[in-house]
C-alpha cells in the first residue's frame, strides 16, 4: 500500500469554522474519489512545540492511484482551501508491505 501523509500548520487567526469546513470537505473525498482505500484525518490534541495543527493519512493501491487522486477536481478544490488557511503544508508518501501472518497474531498470554 502507498501511504500519503500530510501535515498542516494553520495561519494565525484561522477560525474554528474554517477548520470545520475543511473537515467536511475532507470527509466527503472518499465518497467522490474511488482510488482512496484508507482515509483518516484530525486535529492535533497535544499542542506541543513541535506539533502540527492537522494531519491527514490516506492509503492507495499504487502510485498511479495516488496520482489520479491528486489530479482529481474534488481533491484540487480541497487543496485550494488548504492554501487559503495554511501557512505551511508538508507531505510524505511511502510504501508499506503487509506483516507476515505470524507477526500479526496476538502474543500468547497477553
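The values are calculated or read from the model by the stated rules, or taken from the named source; none is laboratory data. The model shown is predicted, which means the values in this text are computed figures rather than measured ones. FYI the Cβ positions are ideal-geometry reconstructions off the backbone, even for glycines, and counts take in every protein chain you see.
Details
- The residues in region 15-31 that are under 14 Å from residue 86 (Cβ atoms) and surrounded by 17 or more Cβ atoms within 10 Å (Cβ to Cβ) can be counted, and the count is 2.
- Residue within region 8-25 that is assigned to a loop (DSSP other than H, G, I, E, B), in contact with a helix residue (DSSP H, G or I) (Cβ under 8 Å, 6 or more places away or on another chain) and under 24 Å from residue 96 (Cα atoms) present: no
- Only a single item in (1) closer than 14 Å to residue 4 by Cα; (2) without any contact (Cβ under 8 Å) to a residue 40 or more places away in the chain is not met by residue 58, and it is number (2).
- Search result, residues across region 69-96 that are more than 18 Å from residue 7 (Cα to Cα) and surrounded by fewer than 16 Cβ atoms within 10 Å (Cβ to Cβ): 71, 73, 74, 96
- Any hit, region 76-84, residues being at pLDDT 95 or above, part of a loop (DSSP other than H, G, I, E, B) and within 16 Å of the chain's Cα centre (by Cα): no
- Matching residues in region 85-110 - criterion: being at pLDDT 95 or above and part of a helix (DSSP H, G or I): 85
- Within region 23-45, residues that are at pLDDT below 95 reach no partner that is surrounded by fewer than 12 Cβ atoms within 10 Å (Cβ to Cβ) and not in a loop (DSSP other than H, G, I, E, B) with beta carbons closer than 8 Å at six or more positions or on different chains.
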